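Here is the structure we will look at, set down as structure tokens.
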Amino acid sequence: MEHVAEAEVDDVVRGALHFGSGGGGDPYLGQQLLAAAVRRHGPIPLMTPQALDPDALVLPVVSAGAPYALIEKAHSTLEAETLRSAVETRTGRTFAAILPIQLGAVNVAVPLVVAAELGLPCLDSDLMRRTLPSIDMTLLRLSGHPVPPITVVGGAGVVAEFSRGEDTVLGELVRAVMPSLGLVALVSAYRVTARDCAGLGAARSISECARIGAALAAVSPSLPGGYEPYLRACGGRLLCTGTVAEVVQHSTDGWPRGVVSLQTSGGFVRIDFQNENLIVSREGTVLATVPDLIGLADANTGALMQSTDLALGQDVHVITAPVDPRWHTPEGHAMVGPRAFGYAVDPVPFDGVAAVASA
């Protein structure tokens, strides 16, 4: 893709739901934000890192905070301009492009919107190749690149900056300021050049969202093999089908956490989530885990669902798909595997997952 025009908006956001793995924010909000930006500013240019000067700085951008708060208080042009000004003042340099930090329905849309508002291109790349809940859970950090400096901009133009510190401490500090900012903020972290992005190898991220989103639009849930366009596009598989029997959730630091129970023909299937779906198990046997993608598709419409939006009695398919293989290293598992989220469970790589009989 060379740009994101209005015709591509739905596919981009729909495909980002795949990388959201049951989280990633409200797709309707992402679609509305992105469509409005394209109508105001025209098609948003996409660039590869290789098209820039290797030493050019790019501005990583992510929307942080509680997804439900963002619905009521969307980011403004003031926040985007304040974020760029704050980081450019600190670095003494201007930025050549915007860089998405993660993929998800909101955090694909927001960097594209920021790029449009600032008159900059957006890199067709990202730092996670999926959605993860913390800014230090990136492939760039996995390669040894430091997270700070971190800049946080709230809706009233309030700026908080953290120049150094341990990742866990910085994460706690960012979360600590969020309530005072209305639980919504634009955040930038890392000092990233085009050379860093080119060497990272996480290319064509937005293009991949559009490609997978188009395949999702072609799903025919009522027909045999109706999910094949999507499964071929993402390299995934249908793990099981069941009926939502229970959804238990609570919010900690603005993060939705909980458990979904599905009644299937083979017994109860449990899905643990913290923002994103993390573990699928059946009768105590672990079937799939983070860092692989775990999605839930409405069996009647084929639409991918956020775990927090599931309803009792709803029939859903559980679909798993692989991630960037760098997450399936000892270092990757230590950073984003099940134990990193507090579960005493070893990762089950996608290739090792056995199919489960559908209900």
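Examine the range 31-52 for a residue that is assigned to a loop (DSSP other than H, G, I, E, B), hydrophobic (A, V, I, L, M, F, W, C) and within 28 Å of S180 (Cα to Cα), and state whether such a residue exists. No. Of the residues making up the range 228-259, those that are open to solvent by less than 30 Å² (accessible area, probe 1.4 Å) and under 15 Å from H317 (Cβ atoms) are Y230, L231, C234, G236, L239, C240, T241, G242, V244. In the set T301, T320, only one residue is polar (S, T, N, Q) and either under 20 Å from the mean Cα position of the chain (by Cα) or assigned to a strand (DSSP E or B) (or both); that residue is T320. Every condition in (1) within 20 Å of the chain's Cα centre (by Cα); (2) within 30 Å of A156 (Cα to Cα) holds for S180 except the one numbered (1). Looking across the range 80-111, the residues that are in contact (Cβ under 8 Å) with a residue 60 or more places away in the chain, surrounded by fewer than 24 Cβ atoms within 10 Å (Cβ to Cβ) and not hydrophobic (A, V, I, L, M, F, W, C) come down to T82, R90, T91. Taken as a whole, the range 112-123 holds at least one residue that is closer than 13 Å to C209 by Cβ, in a helix (DSSP H, G or I) and open to solvent by less than 10 Å² (accessible area, probe 1.4 Å). One residue alone among I206, I271, I212 is buried (at least 22 other Cβ atoms within 10 Å of the Cβ) and assigned to a strand (DSSP E or B), and that residue is I271.
Residue by residue, here is whether (1) among the β-branched types (V, I, T); (2) under 22 Å from Q249 (Cβ atoms) holds:
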residue	(1), (2)
T289	yes, yes
A297	no, yes
M305	no, yes
I319	yes, yes
P322	no, no
W327	no, no
P330	no, no
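Starting from the range 227-238, keep only residues that are closer than 15 Å to A16 by Cα, then list their pairs with residues that are surrounded by fewer than 19 Cβ atoms within 10 Å (Cβ to Cβ) and among the hydroxyl-bearing types (S, T, Y) whose Cβ atoms are within a distance under 6 Å, requiring at least 6 positions of separation or different chains. Cβ pairs passing all conditions: none.
Annotation: of all residues in the range 163-203 being among the β-branched types (V, I, T), assigned to a helix (DSSP H, G or I) and open to solvent by less than 50 Å² (accessible area, probe 1.4 Å), the one that is nearest to P111 (Cα to Cα) is V174. If a residue must be without any contact (Cβ under 8 Å) to a residue 60 or more places away in the chain and either farther than 16 Å from L118 by Cβ or crowded, with 19+ Cβ neighbours inside 10 Å (or both), how many such residues does the range 15-50 contain? The qualifying residues number 4.
Check whether at least one residue in the range 325-336 is in contact with a Gly (Cβ under 7 Å, 6 or more places away or on another chain) and closer than 29 Å to G201 by Cβ, and report yes or no. Checked against the condition, which is being in contact with a Gly (Cβ under 7 Å, 6 or more places away or on another chain) and closer than 29 Å to G201 by Cβ, the range 325-336 yields at least one hit.
Report the residue count in the range 128-147 for those that are open to solvent by 20 Å² or more (accessible area, probe 1.4 Å), assigned to a loop (DSSP other than H, G, I, E, B), out of contact with any helix residue (DSSP H, G or I) (no Cβ under 6 Å at 6 or more places or on another chain) and more than 14 Å from S63 (Cβ to Cβ). Selection size over the range 128-147: 5. Against the list (1) open to solvent by less than 30 Å² (accessible area, probe 1.4 Å); (2) among the aliphatic types (A, V, I, L, M); (3) closer than 23 Å to Q274 by Cβ; (4) outside any strand (DSSP E or B), the condition I71 fails is (1).
Comparison of Q314, Q306 shows that the only residue that is within 22 Å of Y230 (Cβ to Cβ), polar (S, T, N, Q) and buried (at least 21 other Cβ atoms within 10 Å of the Cβ) is Q306.
The values are calculated or read from the model by the stated rules, or taken from the named source; none is laboratory data. Please read these numbers as outputs of a predicted model, since none were measured by experiment. Please note: Cβ atoms are built from the backbone with ideal geometry, for glycine as well, and neighbour counts cover all protein chains shown. Accessible surface is based on the protein model in full, side chains and every heavy atom, while ligands, DNA and RNA are left aside. Shrake-Rupley method; radii C 1.70, N 1.55, O 1.52, S 1.80 Å.
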